[in-house]
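To start, the structure itself, in structure tokens.
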Amino acid sequence: MDIEYQIAWGTYLGAGLVLFSLWCWVSQIIASSILRSVSRATVFLLIFMPWNLPGEDGYYAPASLVIVLEFSIGSVEKIGGAFLALSSSIGIVAAFYILRGIFKR
């Protein structure tokens, strides 16, 4: 792998950790623990879930960025896998936290 690619991912992960920790601090105002947990997990997945770049073997980008960039400047047909993976991951995490909150009571 290229050193520039690794530096870019390192920078992105560092900035993502800062943004995620900022969101964890801001989301303390959410009264419901279920909504707070779901929002934190959603932000985590939106920032950090990797997806293979269309047309590039061995290179990854955050799935949310792949979806946005392919939708705006690429072809809409290429966002299917990234969108399905991201939305199903968010759905599974949301269902987990909701069920955990229900059974915890």
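Below, the figures for the structure above:
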item	result
Of all residues making up region 33-61, the number that are in contact (Cβ under 8 Å) with a residue 60 or more places away in the chain and over 17 Å from the mean Cα position of the chain (by Cα)	2
Lone qualifier among Ser64, Ser75 - being over 17 Å from the mean Cα position of the chain (by Cα) and of a type in the set (Gly, Ala, Ser)	Ser75
Qualifying residue in region 16-23 (condition: among the hydroxyl-bearing types (Ser, Thr, Tyr) and touching a helix residue (DSSP H, G or I) at 6+ places or on another chain (Cβ under 8 Å))	no
Answer residue from region 32-47, given it is among the small types (Gly, Ala, Ser) and under 17 Å from Ile102 (Cβ atoms) and is modelled with the highest pLDDT among those	Ala41
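The values are calculated or read from the model by the stated rules, or taken from the named source; none is laboratory data. Values in this document were obtained by computation on a predicted structure and should not be read as measured data. For neighbour counting, all protein chains shown are included, and Cβ atoms are generated from backbone atoms with ideal geometry for every residue, glycine included.
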